[in-house]
Amino acid sequence: MAVGASVQHEIDQLYLDLETSDLQPLWTQGPALQPFQPAPRTKAWMWEWETLVALAQRAGKLITIDRGGDRRVLSMVNPGLGGLPFITPTLWGAIQYLNGHEQAPGHRHTAGAVRFVLQGEGTWTTVNGDAIDMSPGDLILTPSWHWHDHTNESDDAMVWFDGLDLPLVYMLEAGFFEPYPVEELQPVRGHNLSEKLYGNGTAPIGPEERDVTAPLLVYRYTHSDRRLSALVEMGGGPLVGIEFLNPLTGSNAIPTFSNEMYRLVPGSRTMPVRKVGNSVFLVFKGSGTSIVDGKRFDWRQGDVFVAPSWAAVEHEASEQADLFVISDRPIMQALGIFRSETLDDHQEEVSTFSGHDS
Ligand code: GTQ
Ligand code: FE2
């Protein structure tokens, strides 16, 4: 519709005045603000174990823990997120490397964290005085505002995956951080105390024992392995999975992100599933292929890959594989905006992931 010159002048002036008044009209926003379905900036991406561990080893030689800040951590950077050190808009995914006889000092923060152990023995993470021994495949929780430090008493380096809700807390501008008040580590009250109290689906009687925010701070691979084997034996496949839960409440072990483990058996491919929310997959054992929105990811032990919100994801093992998975689904569920759907047909493989060349 043509408008007269004087009206056009008034409209132009309106837009200028809106801008100087820190206002924007909705009608000029365009569809990016309210897409018909999620249109993530987050990219489907992968980090290979060989690259991760080689760079972590170099950092281990060159960077002492005080020089590298509190922790020797390499954060996985999703290239869709404008350079922020985040693997998804809500999740932090990183490799942490602790040399033999090294310690990482105590602190606490509002971001919640988990460690999934990849390599090494003889290390523990002390969480509010409970020294939790770490072995490959174990999941160790450091819930929000719990003191934590890491100790490696062995002669060899220790490597684990860190998952945190730090990007969410950052975006919400809700972060607090506090170094442990003294130079020394926390006093250790004992080893694996939460496991002794809550480790097999029972809880001690007594009201104070029911008030704890996260009663169980470690989920052992021996248990995960047994549950996954049972599910496979009961006829599950090509994918079975377990979720790590708070044994007192049955809700997520960490409130802001789910912690799951999948076992994939070779022979067939899962049907593609879309979910609202971001998922990060860590290959603990085995090898296989996942198709994420038409892009093929061939993965092996130690690789980490990420699927953005609403991407169609299907998996196939080439040998039996265990994947540790974190996702922000609990946030979506808490907000009432979670959706998922299973597609009827497998996806066409349009391309194969090969880093920045793909
Ligand atoms: O080990 O305490 O990957 O505070 C990021 C922030 C690890 C840790 C990370 C942290 C830690
Ligand atoms: Fe921390």
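The values are calculated or read from the model by the stated rules, or taken from the named source; none is laboratory data. Quantities reported herein were computed from a predicted structural model and do not represent experimental measurements. Don't worry about glycine lacking a Cβ; one is built from the backbone with ideal geometry, like all the others, and counts go over all protein chains shown. Just so you know, the surface numbers come from the protein's heavy atoms only, side chains and all, with ligands and any DNA or RNA stripped out. Shrake-Rupley method; radii C 1.70, N 1.55, O 1.52, S 1.80 Å.
Amide H contacts under 5 Å for ARG339: VAL276, restricted to partners 5 or more places along the chain or on a different chain, H placed in the peptide plane at 1.01 Å from N. A straight line joining the Cα centroids of segment 103-150 and segment 1-66 runs 35 Å. Summed over the residues of segment 177-283 and divided among them, the accessible surface reaches 52 Å² per residue at a probe radius of 1.4 Å. Remark: the chain carries a charge dipole of roughly 460 debye about the Cα centre, counting +1 on each Lys and Arg Cβ and -1 on each Asp and Glu Cβ.
Between MET134, ILE254, THR90, whose Cα lies farthest towards the positive end of the dipole of the chain when Lys and Arg beta carbons carry +1 and Asp and Glu beta carbons carry -1, centred on the Cα centre? The residue sitting most towards the positive pole is MET134.
3J(HN,Hα) along segment 43-52: 9, 5, 8, 8, 10, 8, 3, 4, 5, 4 Hz, from the Karplus curve 6.51 cos²θ - 1.76 cosθ + 1.60 with θ = phi - 60°, whole Hz, x for Gly and Pro. A cut-off of 5 Å between modelled amide H atoms, ignoring neighbours fewer than 5 places along the same chain, links VAL127 with ILE132.
Restricting to Cα pairs below 8 Å that are 6+ residues apart, what does the relative contact order work out to for the chain? Please round to a whole percent. Walk me through the numbers before you get to the answer.
Numbers: 786 pairs, mean separation 54.9, N = 358.
RCO, the chain: 15 percent.
For segment 191-234, the calculated P(r), taken from all Cα-Cα distances in 10 Å bins from zero up to the bin holding the longest distance, is 25, 43, 24, 8 percent. Backbone geometry of segment 269-276 corresponds, through the Karplus equation with coefficients 6.51, -1.76 and 1.60 at θ = phi - 60°, to 3J(HN,Hα) couplings of 10, 5, 6, x, 10, 10, 9, 6 Hz, x marking Gly and Pro. Rg/Rh for segment 267-358 stands at 0.97; both radii use Cα atoms, and Rh follows the Kirkwood definition.
Karplus-based coupling profile of segment 166-179, in residue order and whole Hz: 3, x, 5, 4, 4, 5, 7, 6, 10, x, 10, 9, 9, x, with θ = phi - 60° in 6.51 cos²θ - 1.76 cosθ + 1.60 and x standing for Gly or Pro. Residue order by solvent-accessible surface for PHE353, PHE297 is PHE353, PHE297, largest first, with ligands and nucleic acids left out and a 1.4 Å probe. Annotation: amide H-H contacts under 5 Å for ALA113 (H modelled 1.01 Å from N, sequence separation of 5 or more, or interchain): THR142, SER144. In a solvent-free Debye calculation with one equal scatterer on each Cα, what is log10 I(q)/I(0) for the chain at q = 0.08, 0.09 Å⁻¹, listed in the order of the q values? Debye curve over Cα of the chain, log10 I(q)/I(0) at q = 0.08, 0.09 Å⁻¹: -0.45, -0.55.
How far is helix 5-20 tilted off the main Cα axis of the chain, in degrees rounded to 10, range 0 to 90? For 5-20 against the chain, the angle is about 20 degrees.
Among the protein heavy atoms, those of ARG300 account for about 130 Å² of accessible surface (1.4 Å probe, every chain in place).
Helix 221-233 axis versus longest C-alpha principal axis of the chain: approximately 70°, rounded to the nearest ten. Here the chain has 54 percent of its accessible surface on carbon and sulfur atoms, given a 1.4 Å probe and all protein chains in place. For segment 215-330, just say rounded, prolate or oblate: build the C-alpha gyration tensor, square-root its eigenvalues into a ≥ b ≥ c, call rounded for a/c under 1.5, and beyond that prolate if a/b exceeds b/c, oblate if not. Verdict is oblate for segment 215-330. In the chain, a dipole from Cβ-located charges (positive for Lys and Arg, negative for Asp and Glu) runs towards its positive end, and of PRO179, THR270, GLY302 it is THR270 whose Cα lies farthest in that direction. Only helices enter the 222 nm calculation for the chain: every DSSP H run of n ≥ 4 contributes -39,500 (n - 2.57), and dividing by all residues gives -5000 deg cm²/dmol, rounded to 500.
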